[in-house]
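The values are calculated or read from the model by the stated rules, or taken from the named source; none is laboratory data. No experiment lies behind these values; they were computed from the predicted model shown. Here Cβ is always computed from backbone atoms with ideal geometry, including for glycine, and neighbour counts include all displayed protein chains.
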Amino acid sequence: MDIRFELAKKLAKVLPKAKGITLRSVRMEEGAALASAILMAGGYQQIREGVEDFRMRTGEPLACRSKGKSLEVYSEGGEDPLDTLTAFLSQVAFNSEDAMESIEFFRRYLSRETDSGLKAVAVEMTAEDLRIVCEARCEEGETPENVYSCVSSLLDRYDMGIIKNE
């Protein structure tokens, strides 16, 4: 049986004119074949080159486009668009420790290379908070509370919490 729950974290706001690269948002709706991130920086040439290099090295579907004063980096199609996007974002030095930690958490426990038993099915990250809808397999004889307990032990370092579905 699979159980579904959300992981949540309040994020410290980055000042509007902060130097460096700001991760404004990350989004992937459940069942979508598109995962995207909005970045703000003084210039985007280095990020654009990074996207092209990543795509050439990995063969993964990653692209970017201007979106007003921001740059949208997105992965559409492929095996796991969110995994592809976070693999790229993990290589970017953001000006927010919360953004860096959130991506580190995803790569460590939710990417397809891990054996944590967790799977992200949707993500919404804004300037204020992060929410990840997850699924976890509940083995025979195991209760959802056992799964929540195991997941909670992973969350302490990242100052995240679990929102249990009714």
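Scanning the range 20-36 for residues that are closer than 24 Å to TYR158 by Cα and in a loop (DSSP other than H, G, I, E, B) turns up GLY20, GLU29, GLU30.
Checked across the range 85-95, the condition of being more than 16 Å from ARG112 (Cα to Cα), of a type in the set (Ser, Thr, Tyr) and not in a helix (DSSP H, G or I) holds for no residue. Residues in the range 1-36 that are among the hydrophobic types (A, V, I, L, M, F, W, C) and free of Cβ contacts under 8 Å to residues at least 24 places away in the same chain: 1 in all.
Any residue that is at pLDDT below 80, under 26 Å from LEU34 (Cα atoms), not aliphatic (A, V, I, L, M) and not in a strand (DSSP E or B) - is there at least one of those in the range 147-165? Yes: one or more hits.
Only one of the numbered conditions (1) of a type in the set (A, V, I, L, M, F, W, C); (2) part of a strand (DSSP E or B); (3) without any contact (Cβ under 8 Å) to a residue 24 or more places away in the chain is not met by LEU39, and that is (3). Only one entry of SER102, SER90, SER116 meets the criterion of being within 24 Å of ALA12 (Cβ to Cβ), free of Cβ contacts under 8 Å to residues at least 40 places away in the same chain, surrounded by 12 or more Cβ atoms within 10 Å (Cβ to Cβ) and in contact with a helix residue (DSSP H, G or I) (Cβ under 8 Å, 6 or more places away or on another chain), and that entry is SER90. Every condition in (1) within 20 Å of the chain's Cα centre (by Cα); (2) farther than 15 Å from PHE88 by Cβ holds for LYS17 except the one numbered (1).
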